[in-house]
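Structure record follows, encoded as structure tokens.
Throughout, read-outs are computed from the coordinates displayed, never taken from laboratory work. None of these values were measured; they are calculated from a predicted model. No Cβ is skipped: glycine too gets one built from the backbone with ideal geometry, and neighbour counts run over all protein chains shown.
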Protein chains: 2
Amino acid sequence: MSDQANLRVQRLRDAGYKLTNARLTILTILEQHGGHMTSADVLEEVDAVAPEIGRASVFRSLDLFTRLSLIRPTYINDSSTPTYVLLPGGHHHHIICTNCDRVIEFEDCHLEKLEHELEQKFRVRLTGHLLEFYGLCDNCAARQPD
Amino acid sequence: MSDQANLRVQRLRDAGYKLTNARLTILTILEQHGGHMTSADVLEEVDAVAPEIGRASVFRSLDLFTRLSLIRPTYINDSSTPTYVLLPGGHHHHIICTNCDRVIEFEDCHLEKLEHELEQKFRVRLTGHLLEFYGLCDNCAARQPD
DNA sequence: TCCCTGGTGAGACATGATCTCAATTGCGGT
DNA sequence: ACCGCAATTGAGATCATGTCTCACCAGGGA
Ligand SMILES: [Zn+2]
Ligand SMILES: [Zn+2]
Ligand SMILES: [Zn+2]
Ligand SMILES: [Zn+2]
């Protein structure tokens, strides 16, 4: 198990939740795919790897992980089903092409300062963030001048 | 009609889409509510204001507006339906409490520089962004010391 | 050992979103 | 102002997605 994975398991335990087989399996699947899975993707993979796990548990786990800021659902393409992204270190950033749905991930966000300011201003305790830019990727931009 | 609304209508036209009654109605509803509406909210309001507009058109319009970066679907509470936020000036920022689902909006993001860097680095043309922080609001943080 | 609580799987169920297709409409061209 | 046509629409069937219920189980503490 990777360091990141251990951190996540730790977070589960610290929050007082049991590390059950269903939860570990689903977390592992998310890790292995590096995020960006729809609920359908997760369901399919769970069914292939551990068919004894029910669909309700999959959704329950995804909700739990979301509350713990381990993952975050986002709407990549059209508005139907969310895509879950892992939040290693609490954050994730990507660019979404609104024409072809291509996703480009990037690392640096320089948001630590803003995060601090917000915590003080609103007296909140922040555990993660998601930053999405959207526009046209190089391919689609070339095709649609102006 | 507000300046912002005119800008959005312009964006529709520029992209080569017709300004139909359905689209204008739905856009107006979004404007009036200042964003943060679920598809159910929009459907309900459409039904109250212009019952002749069909469900399908509502979803089609929301998808179109999303592609045009006029709005953006996001996953606020643990319900499975997206909440759409308006993107005045192309961006929107908020904090979501992962315990009580409270949403706190904020204005400043200081992301212009990063946006520029990304455009150059990946040769993309960016039209907007969404920044979400997650954590506990003041209320929930007080209840869960740690 | 016996509760008690949190967690689970199966499947029925309720919403939410899509599809199809004929009818209509916005808008550019005349 | 009119025409012609592709874009867009509305109704309802249909499909997909996520929720609920409930009996059952595992594990920790008395
Ligand atoms: Zn693209
Ligand atoms: Zn970040
Ligand atoms: Zn809260
Ligand atoms: Zn911004």
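Is it possible to state the helix-based mean residue ellipticity at 222 nm for chain A, with each DSSP H run of 4+ residues giving -39500 (n - 2.57), the sum divided by total residues, to the nearest 500 deg cm²/dmol? What is it?
That comes out to -13500 deg cm²/dmol.
So for the stretch B:73-146: antiparallel DSSP bridges make up what percent, rounded to the nearest 5?
On the way: 5 of 12 bridges.
Once the DSSP bridges in the stretch B:73-146 are tallied, antiparallel ones form about 40 percent.
Dividing the radius of gyration of the alpha carbons in the stretch A:103-146 by their Kirkwood radius gives 1.20 for Rg/Rh. Arranged from fewest to most other beta-carbon atoms within 10 Å of their beta carbon, B:Asp3, B:Asp41 become B:Asp3, B:Asp41.
Mean sequence separation of contacting Cα pairs (under 8 Å, at least six apart), scaled by the length of the stretch A:3-143, corresponds to a relative contact order of 19 percent. Under the convention that each Lys and Arg Cβ holds +1 and each Asp and Glu Cβ holds -1, the size of the dipole of the protein assembly as shown around its Cα centre is about 240 debye. For chain A, the Cα-based Rg and Dmax, in that order, read 17.0, 54 Å.
Annotation: amide H-H contacts under 5 Å for B:Thr74 (H modelled 1.01 Å from N, sequence separation of 5 or more, or interchain): B:Thr83, B:Tyr84, B:Val85.
Projecting the Cα atoms of B:Val9, B:Ile104, B:Ile76 onto the charge dipole of the stretch B:3-143 (Cβ charges, centred on the Cα centre) puts B:Val9 farthest toward the positive pole. Mean separation of Cα pairs under 8 Å and 6 or more residues apart, divided by the residue count, gives the stretch B:63-146 a relative contact order of 28 percent.
Close amide-amide hydrogen proximity is noted between A:Gly128 and B:Tyr134, each under 5 Å apart and 5 or more residues distant or on a separate chain (H modeled in the peptide plane; Pro and chain starts excluded). Of all DSSP-defined beta bridges confined to the protein assembly as shown, some 65% are antiparallel rather than parallel.
Could you give me D for the stretch A:61-146, from Stokes-Einstein at 37 °C and 0.692 mPa s, where the hydrodynamic radius is the Kirkwood radius over C-alpha pairs? Units µm² s⁻¹, please. Estimated diffusion coefficient is 225 µm²/s. The DSSP beta bridges internal to chain B are antiparallel in roughly 55% of cases. Considering the protein assembly as shown, its Cα convex hull presents a mean projected area of 16.7 nm². Across the stretch B:33-89, the relative contact order, built from alpha-carbon pairs under 8 Å that are at least six residues apart, equals 43 percent.
Peptide A:118-130 shows a mean partner chain C-beta count of 6 within 10 Å per residue C-beta.
Considering only A:Leu126, A:Leu86, A:Leu43, the mean-square fluctuation computed in a Gaussian network model of chain A, springs between alpha carbons under 10 angstrom, is largest for A:Leu126.
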